[in-house]
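Quick note: the coordinates plus some simple rules give every number you see, no bench work behind them. Values in this document were obtained by computation on a predicted structure and should not be read as measured data. Quick reminder, even Gly has a Cβ in these numbers, built from the backbone with ideal geometry, and neighbours come from all protein chains shown.
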Amino acid sequence: MVNDGCKAKISAGSFMLLALLAANLSAKERADAGQHKKPVRNMPEIDVTDVGTVDIEQETNIFTSAAVANLSANYGLASGWDLGLSLLNGQFVSTAVPSVSFQPDVMLNVEKHWLAHDTQLIAGTQSGLGLLTQATVFMSFSYLEYQRHLPGWDTDIDTGLYYANAALAGFQSVGLHMNIEAPIIEKLRINGDYLSGSNALGAATVKLLYPVVGDWRLGLGVQRPNVYAGDHWVGLVGIYWH
């Protein structure tokens with residue numbers, strides 16, 4: 001968002017962003033190769049980072065039998081550029097198997113922002129390597145977003161398009177992204193995020209955001225995948241430092 005957006009650099013999630021396979025593998029093969037990893041559904045932050053400052057976000061996805069960590073750090077460069085590094089989809093708890101390998105997806109995040117009053121146009125990409133038990137695969141997620149801040153309501157609205165390769169989404173996918181963040185009472189805000197598509201990324205996320213101390217915010221929410229893959233609902237706990 002123009003002010004305090006959410007990540008998966010993760011939002012996402014939402015997010016950034018969400019199991020991962022090589023681009024030439026089918027969704028079923030993807031699940032077989034990474035059977036102990038959960039899909040990344042957290043969106044990248046898609047938010048401007050002030051020049052010379054760092055934003056850090058940690059989101060944990062809580063599944064029925066596992067917990068998955070998504071950590072991102074982003075740095076604001078001059079001329080509207082943001083550069084970041086994310087360790088996503090790192091499973092650190094499982095009740096289904098006696099031990100799990102953390103094996104995060106290592107992603108480089110690059111965004112370009114064009115600002116104009118209360119609006120901005122953003123182009124970005126999140127690309128890197130998915131570390132699976134049987135293989136290392138290249139993943140890529142790109143997006144183009146239009147954001148608008150409504151000062152009268154202190155509300156942020158995003159609409160955009162995304163492209164994800166087969167290693168990330170199960171098959172090459174193009175879809176829509178929508179996000180809205182608005183105040184509820186005092187400092188409490190609600191954030192709703194939606195990625196279209198019947199793939200490993202498609203999902204709806206709703207979370208509450210509240211400042212806890214200093215520049216830290218706490219997020220609590222739920223995600224609902226568009227396609228059932230073992231969990232109809234996924235819990236989300238996030239901590240954000242801007």
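Here is how the numbers come out for the structure above:
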| read-out | value |
| --- | --- |
| For region 67-124: Kirkwood Rh in Å [reciprocal of mean 1/r, alpha carbons] | 13.5 Å |
| Gain upon complete extension [residue 155, residue 54; 0.36 nm per residue less C-alpha separation] | 34.0 nm |
| Per residue Cα convex hull volume in Å³ - calculated over region 154-242 | 106 Å³ |
| Segment residue 119-residue 239, extension gain: residue separation times 0.36 nm, minus the distance between their alpha carbons | 40.6 nm |
| All Cα pairs of region 185-236, percent lying beyond 14 Å | 56 percent |
| Coil-residue chymotrypsin sites (Phe, Trp or Tyr not before Pro) of region 69-105, DSSP, other Cβ within 10 Å capped at 13 | 102 |
| Part-to-part distance (alpha-carbon centres) for region 184-231 and region 59-77, which is given in Å | 12 Å |
| Most to least packed among 188-196, 114-122 [average Cβ atoms within 10 Å] | 188-196, 114-122 |
| Radius, Kirkwood style, for region 52-241 when every pair of distinct Cα atoms is counted (Å) | 17.7 Å |
| Region 134-173: Rg to Rh, with Rh as the Kirkwood radius over Cα pairs | 1.27 |
| Rg(Cα)/(2.2 N^0.38 Å) for region 165-212, N = residue count | 1.49 |
